[in-house]
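Each remark here refers to the structure printed beneath this line.
The values are calculated or read from the model by the stated rules, or taken from the named source; none is laboratory data. The structure displayed is predicted, hence computed values, not measured ones. Backbone-built Cβ (ideal geometry, glycine too); neighbour counts: all protein chains shown.
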């Protein structure tokens, strides 16, 4: 496989290997895949903490269902995604996953129930994190837009709040998995509907692995690349930018019935405010000669999305692309659904 985006689709050998997804033997997957060490990518900068795979495996408990059957652990979720990506993009280099967690749930072991908080030893305490997000890039699969390098990126999100752990019998578990481009200079995630499986329901790791392979097999990196590259051909002035962000802020105040008649806008007021500041200050995607491209506009939206909570990160990343592409098409006369943002 070459580094060119034109040949990003898996080789014929790989396509033959996964032509019958149901026959993939999960038991043959290595317990842990060797990946290249790389600095952590801050794709979520607020409301989360960085954690290593070792800490997840050694320092955190794993919640169970009401009948004491184990849920799929965070670390096994990450390993399964890495394994699937390694098998599918065989021969490519994978960077170490950057992992973010939030909403820590603390507890005690039974022998420490009567101790005062000040008397607790590290071995007396238990914890797990309700929410987890992770991502890793494949640096050998890359392209460039406007001089900014992009690498193929794969990751996932998991939220224990999506499960009813009190049910008597084990149920389906929900995971979100994505694949798309990541802009290296700022770690902005380019995400489209083609590269996102939101809340996959799986019964075990074998099922999860197959679903990830299906996603990777159906995703076209070249298609997304050319979609993003088309945004560089359209530029908006400062006054047009002000009109668009003003409409974005008005959207939040619209009555529900009016909102339903307009394409959805999930980026919040505070994130729109951040886009306004970045319009003047961002060295990579801010205004140049009093205008920016729609590619720059998209990156301002995705940059602001880093302040989202884990459970809304993927939806807003996808929405940033929907809004940018929709407004771009409206500006070029291809789509009247987003004309409200320009009027």
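When each of 198, 209, 226 is tested for being surrounded by fewer than 18 Cβ atoms within 10 Å (Cβ to Cβ), assigned to a helix (DSSP H, G or I) and either free of Cβ contacts under 8 Å to residues at least 12 places away in the same chain or in contact with a helix residue (DSSP H, G or I) (Cβ under 8 Å, 6 or more places away or on another chain) (or both), the lone residue that passes is 226. Per this entry, residue 54 is counted among residues that are exposed (fewer than 13 other Cβ atoms within 10 Å of the Cβ), out of contact with any strand residue (DSSP E or B) (no Cβ under 7 Å at 6 or more places or on another chain) and at pLDDT 90 or above. Checked against (1) within 18 Å of the chain's Cα centre (by Cα); (2) surrounded by fewer than 21 Cβ atoms within 10 Å (Cβ to Cβ), residue 264 meets all criteria but (1). Per the listing 319, 329, the residue uniquely over 23 Å from the mean Cα position of the chain (by Cα), assigned to a helix (DSSP H, G or I), assigned by TED's automatic domain parsing to the domain that holds residue 243 and buried (at least 16 other Cβ atoms within 10 Å of the Cβ) is 329.
Would it be correct to say that residue 300 is assigned to a helix (DSSP H, G or I) and outside the structural domain of residue 325 (by TED's automatic domain parsing)? So residue 300 does not fit the description; no.
Per this entry, residue 279 is not counted among residues that are in the same structural domain as residue 163 (by TED's automatic domain parsing) and at pLDDT 95 or above. Kindly indicate whether residue 57 is more than 27 Å from residue 124 (Cβ to Cβ), part of a helix (DSSP H, G or I) and in the same structural domain as residue 124 (by TED's automatic domain parsing). Spelling it out, it is not the case that residue 57 is more than 27 Å from residue 124 (Cβ to Cβ), part of a helix (DSSP H, G or I) and in the same structural domain as residue 124 (by TED's automatic domain parsing).
Residues that are at pLDDT 95 or above, part of a helix (DSSP H, G or I) and in the same structural domain as residue 96 (by TED's automatic domain parsing): does region 184-194 have at least one? Taking every residue of region 184-194 in turn, none turns out to be at pLDDT 95 or above, part of a helix (DSSP H, G or I) and in the same structural domain as residue 96 (by TED's automatic domain parsing). Tallying residues that are without any contact (Cβ under 8 Å) to a residue 60 or more places away in the chain and within 18 Å of the chain's Cα centre (by Cα) within region 104-147 yields 3. Among the residues of region 101-158, those that are in a loop (DSSP other than H, G, I, E, B) and at positive phi comprise 146, 147.
The set of residues in region 222-243 being under 23 Å from residue 307 (Cα atoms) and under 25 Å from the mean Cα position of the chain (by Cα) consists of 228 alone.
Restricting attention to region 268-297, the residues being assigned to a loop (DSSP other than H, G, I, E, B), buried (at least 18 other Cβ atoms within 10 Å of the Cβ) and touching a helix residue (DSSP H, G or I) at 6+ places or on another chain (Cβ under 6 Å) number 1.
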